[in-house]
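S.K.: What follows is a structure written as structure tokens; I'll ask about it next.
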Amino acid sequence: MFNRLIVFLFFLVSAQVYAVDTHQLPNPEQQKTYESIISELRCLVCQNQTIADSNAELAADLRRQVYDMLMQGKSKDEIHQFMTERYGDFVLYNPPFKAKTGFLWLGPVLFLVIGLIMIIWFIRRKKQATVAVVDKDKQEKVRRLLASDNEDRS
Amino acid sequence: MFKYIIPLVLFIVLAVFLALGLKLKPNEIPSPLLNKPAPVFSAPKLNDSNVKLSPTDLKGKVWMLNVWASWCVSCREEHPVLNQFAQQKVVTLIGLNYKDDPVAAKNWLSTLGNPYNDSVMDADGRIGIDWGVYGVPETFVIDKQGIVRYKHTGPVTEDDVNTKFLRLIDKLQAES
């Protein structure tokens, strides 16, 4: 039990140790821009992390680059352009809508539409199937049975 | 009959996507630098940091930029291939020593051999950022006009030299 507690505490500490160090900008508005930019850029070494999350050296270099450019008074768009010129659209977590990224943006809508069509198709088929079995006489019988059932209950 | 076709089609579609997924190389990000002018730098040489080298000095030549570091494990794997390739003297090979300690870098070249016509230092990795370097080793081929024509990520193998680099360099040398 005691050992488990030690191991557990160990994990708590390690989370602190691996916290990523980021830059501090002079005014809060710039700081906000800085944070929003670094949380939208992909770390290219550890591809499923943003450069804000990653401890990789390249991520640290790119954070420094963003910091330097903001200090030089560059805008968010200029920084995005700087990054895509060097690393391609892949560096953006929010890629622009282009012929090449079209499927990425429209794919989910396409699958939604396919799903809806399939649902409608299945429902229709089910309906047709049930209607086909029940003819007029039988329907009448069912109606009477249900009515008597209701009377029994009340 | 129809009942069986739907799962079969779904299975085939899924299988095709998975098979394609196996062939993808997510580590190889296409470089937006291809067919664009090589990014400019003026970097200190490894053997004499007072002397600088810039891509403009190499205009009119077909050259290769190999990004490497002494701390990089795959570079060690690549190094003998580069040594052998350099002996053929078909192209000017420039080494970009990326985020490295100059002493360690010089040691590396003196013990493992120096395939480079010249080596420059990128101590803080800024040149690397300009070239879109995200992992060493990376190798670029630049034509006589100073246009980046090819990028190779990861260690260059003997096979890469024979199937990709030599052919491309031959072609580029023939261009004006």
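S.K.: Name the single residue that is farthest from A:Leu62 (Cα to Cα) among those in region B:121-159 being away from chain A (no Cβ under 14 Å) and without any contact (Cβ under 8 Å) to a residue 24 or more places away in the chain.
M.R.: Of everything passing the filter in region B:121-159, B:Asp159 is farthest from A:Leu62 (Cα to Cα).
S.K.: Looking at region B:6-16, which of the residues that are within 14 Å of chain A (Cβ to nearest Cβ) and hydrophobic (A, V, I, L, M, F, W, C) is farthest from B:Ile142 (Cα to Cα)?
M.R.: B:Ile6
Table: residues versus (1) over 14 Å from the mean Cα position of the chain (by Cα); (2) over 17 Å from B:Asn66 (Cβ atoms); (3) buried (at least 17 other Cβ atoms within 10 Å of the Cβ).
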| residue | (1), (2), (3) |
| --- | --- |
| B:Val120 | yes, no, yes |
| B:Thr139 | no, no, yes |
| B:Ile142 | no, no, yes |
| B:Tyr150 | no, no, yes |
| B:Val156 | no, no, yes |
| B:Lys164 | no, no, no |
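S.K.: Another question, if that's okay. Restricting attention to region B:15-72, which residues are among the polar types (S, T, N, Q) and within 27 Å of B:Gly146 (Cβ to Cβ)?
M.R.: B:Ser31, B:Asn35, B:Ser42, B:Asn47, B:Ser49, B:Asn50, B:Ser54, B:Thr56, B:Asn66 - these are the residues of region B:15-72 that are among the polar types (S, T, N, Q) and within 27 Å of B:Gly146 (Cβ to Cβ).
S.K.: From the set of residues in region B:17-70 that are of a type in the set (D, E, K, R) and either closer than 24 Å to A:Val45 by Cβ or touching a Lys or Arg at 6+ places or on another chain (Cβ under 9 Å) (or both), which is nearest to the other protein chains (Cβ to nearest Cβ)?
M.R.: Step by step, filter region B:17-70, then rank; the result is B:Lys36.
S.K.: Could you list, in sequence order, all residues of region B:80-123 that are under 23 Å from B:Pro39 (Cα atoms) and among the small types (Gly, Ala, Ser)?
M.R.: Within region B:80-123, B:Gly95, B:Ser119, B:Ala123 meet the criteria.
S.K.: Right, next: Do you know which residues across region A:58-101 are away from chain B (no Cβ under 14 Å) and more than 26 Å from A:Glu29 (Cβ to Cβ)?
M.R.: Of everything in region A:58-101, those that are away from chain B (no Cβ under 14 Å) and more than 26 Å from A:Glu29 (Cβ to Cβ) turn out to be A:Phe97, A:Ala99.
S.K.: Of the conditions (1) over 27 Å from the mean Cα position of the chain (by Cα); (2) away from every other protein chain (no Cβ under 14 Å); (3) in a helix (DSSP H, G or I), A:Leu104 fails just one. Which one is it?
M.R.: The number of the failed condition is (1).
Only the coordinates and a few stated rules stand behind these numbers; no lab work does. What you are looking at is a predicted structure, and each value in this text was computed from that prediction instead of being measured. Don't worry about glycine lacking a Cβ; one is built from the backbone with ideal geometry, like all the others, and counts go over all protein chains shown.
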